[in-house]
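Structure record follows, encoded as structure tokens.
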């Protein structure tokens, strides 16, 4: 079971939460790096927003019951001095989107990649997408709870020291704040228009991430293609040129069968 911490313990671990230890910020809180017995990341929830405690307790309940190597592990929690804090494993290499789209500092040598242009090699990408699929299978079927994540996106796919992928950020799984949660572009149409979140809407989001991993392009329009990612790949697939969607940075250094399969799965 996750450990109960005092606020003093976590404030000390994160050096009283200065901006220098902040890893990121979302709509409901900030995430900090903290040094415990093992390094962890501490999610500091905005206790002032409506339904904050309900969302906190829902996430704590869900994460306490999950045991999957492809889901970020919950280490502990804290409700103290008006603060709501969750402690997760620290993912050494950050989030997937930074490596697909840039703006991330490398922690390991360039020879882990296809070349020194600091992008993920095909083998690493393929392992990432298999790990994400495994995490969703666990949540939807093997956990015994049927849990829609509701916010599957490349920014929530975390990478550990060896670039093993783990799905994180379960704050939306039972959010009480708004009807539709998640990032625009990853949200399934029926969820966006009707508010019907389900395992199927998670799989729609998974398809978008799969296309991003294969192509190295963001979900939205870019200057080169003038199309959104999905219409662009559909256009190439319809013309019998599916592999033209592969990330050019890979320099054709990939298994063509795997690449084509991933692009078709994404579509």
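The values are calculated or read from the model by the stated rules, or taken from the named source; none is laboratory data. Remember, predicted model here, so these are calculated numbers, not experimental data. FYI the Cβ positions are ideal-geometry reconstructions off the backbone, even for glycines, and counts take in every protein chain you see.
What the table below lists for this structure:
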{"read-out": "Identity of the residue in the range 107-144, part of a loop (DSSP other than H, G, I, E, B) and exposed (fewer than 13 other Cβ atoms within 10 Å of the Cβ), that ends up modelled with the lowest pLDDT", "value": "109"}
{"read-out": "Tally, over the range 61-99, of residues that are more than 23 Å from residue 152 (Cβ to Cβ) and buried (at least 21 other Cβ atoms within 10 Å of the Cβ)", "value": "4"}
{"read-out": "Total residues in the range 144-161, condition more than 20 Å from residue 89 (Cα to Cα) and either in contact (Cβ under 8 Å) with a residue 24 or more places away in the chain or in the same structural domain as residue 68 (by TED's automatic domain parsing) (or both)", "value": "5"}
{"read-out": "Residue count, the range 249-267 (criterion: touching a residue at least 40 places away in the same chain (Cβ under 8 Å) and under 16 Å from residue 120 (Cα atoms))", "value": "9"}
{"read-out": "Verdict on residue 237 being assigned by TED's automatic domain parsing to the domain that holds residue 126 and modelled with pLDDT of 80 or more", "value": "yes"}
